[in-house]
1. May I ask you to evaluate 6.51 cos²θ - 1.76 cosθ + 1.60, the Karplus curve with θ = phi - 60°, for each residue of the stretch 153-170 and list the ³J(HN,Hα) values in order in whole Hz, giving x for glycine and proline?
2. In the chain, once you exclude exposed GluC sites (Glu not before Pro) (DSSP loop, at most 12 other Cβ within 10 angstrom), what's the longest stretch remaining?
3. Given a 1.4 angstrom probe, I'd like the percentage of the accessible area of the stretch 205-324 that is carbon and sulfur, rounded to a whole number.
4. Counting Lys and Arg as +1 and Asp and Glu as -1, each charge on the Cβ, what is the dipole of the stretch 252-324 about the Cα centre in debye, to the nearest 20?
5. Pop out the ³J(HN,Hα) list for the stretch 135-149 in order, Karplus 6.51 cos²θ - 1.76 cosθ + 1.60 with θ = phi - 60°, rounded to Hz; leave Gly and Pro as x.
6. What's the extension gain from Phe29 to Ala307 if we count 0.36 nm per residue and subtract their Cα-Cα distance?
7. For the stretch 88-137, which trypsin sites (Lys or Arg not before Pro) are in a loop by DSSP, counting at most 15 other Cβ atoms within 10 Å?
8. Might you tell me the accessible area per residue for the stretch 153-261, computed with a 1.4 Å probe and given in Å²?
Amino acid sequence: MKSPLLSLPGAVPAEGVDEGVAAHYGDLFREQRALADGTGFVDLSHRGVVTVSGEDRLSWLHLLLTQHVSDLPPGHATEALVLSAHGHIEHALYLVDDGTTTWAHVEPGTQDALIAYLESMKFFYRVEVADRTSEFAVVHLPAGSIAEVPEGVVVRETSYGRDLFLPRSDLESYAADGEKHGPVAGMLAYEALRVEHHRPRLGFETDHRTIPHELGWIGSAVHLQKGCYRGQETVARVQNLGKPPRRLVFLHLDGSEVHLPPHGTELRLAEEGPDGRKIGFITTSVRHHELGPIALALVKRNVPLDARLMADATAASQEAVVEV
């Protein structure tokens, strides 16, 4: 869905998965600094919004998701995954319950497949699943923001900020009231802070064979002491008996390179040269207002943490995100 905020001065449309909202509004680093200081907001109105209502909603979701949600208190934010039978990540949900309805926002364009799966699992449970994307837009307020939330708006409050489920019809008027919350920032600023804080994103840090342990989603999105769900056997086996084949790392990239290595760029050990074996790939690369060019990447578990890496012609050094 194309955001009306793309009509604001300086707006440059994002591409790829984030098409429909702005990449930036003319000054990437100013927007980053504002978010880091707790001012402004991010238009995430391209994300899917799914609700589950009915008296069985939490106990039913508890059976399907990786997170413990059967006793989720109203207003308490959490994350959860849907796994395949083999334990590979299929969906990531960012949840909150308002006491009568469970709200989730998901990656753009993934809501249809998620709803189809949920509908197939309803059986005799008293639940109603709905796609609310056309009615509600997700707006992100950064950590430290003191902006007031409009009355009646459902909020997910986390350590990295607040996600508002704002009526889509109110998005333009919300943006126009900059005195209350500060100026809008684009996806590039939001992504730079996401990478800085090592937060994985479905479709960026994941591929068709990613398991939760590789990205550090154990705990934050996967509860190890809950009952059965699809893919649990893989989660338990890796947790108790083995180690994941790959691990998420944070990279400092050579700042002398003009171009950032895009998603999917193969990583090799610097000592082996450009023809060396592939040991991983870039998942997200960004320009940060303080750290310079940085990235997240998935590498093989046995790659030494002090090894220098090459992403094509770009040198990179690692910091651990997932310990294995």
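The values are calculated or read from the model by the stated rules, or taken from the named source; none is laboratory data. Values in this document were obtained by computation on a predicted structure and should not be read as measured data. All Cβ positions, even for glycine, are placed from backbone atoms using ideal geometry, and neighbour counts span all protein chains on display. SASA here: full protein model, heavy atoms, side chains in, ligands and nucleic acids out. Shrake-Rupley method; radii C 1.70, N 1.55, O 1.52, S 1.80 Å.
1. Computed from phi, the couplings for the stretch 153-170 are 7, 6, 10, 9, 9, 10, 5, 9, x, 10, 9, 9, 8, 8, x, 4, 5, 9 Hz.
2. On the way: sites that count: Glu15, Glu55, Glu148, Glu151, Glu290, Glu323.
Longest run free of exposed loop sites: 152-289.
3. Details: 2890 of 5910 Å².
About 49 percent, which is the carbon plus sulfur part of the accessible surface.
4. Working: 7 positive and 11 negative charges, 49 e Å.
Around 240 debye, computed over the stretch 252-324.
5. 9, 10, 10, 7, 10, 10, 9, x, 4, x, 5, 10, 5, 6, 8
6. Working: separation 278, 0.36 × 278 = 100.08 nm, distance 3.01 nm.
Stretched out fully, the Phe29 to Ala307 stretch lengthens by 97.1 nm.
7. Details: sites: Lys122, Arg126, Arg132; in loops: Lys122, Arg126, Arg132.
Answer by residue number: Lys122, Arg126.
8. Details: 4920 Å² over 109 residues.
Result: 45 Å² per residue.
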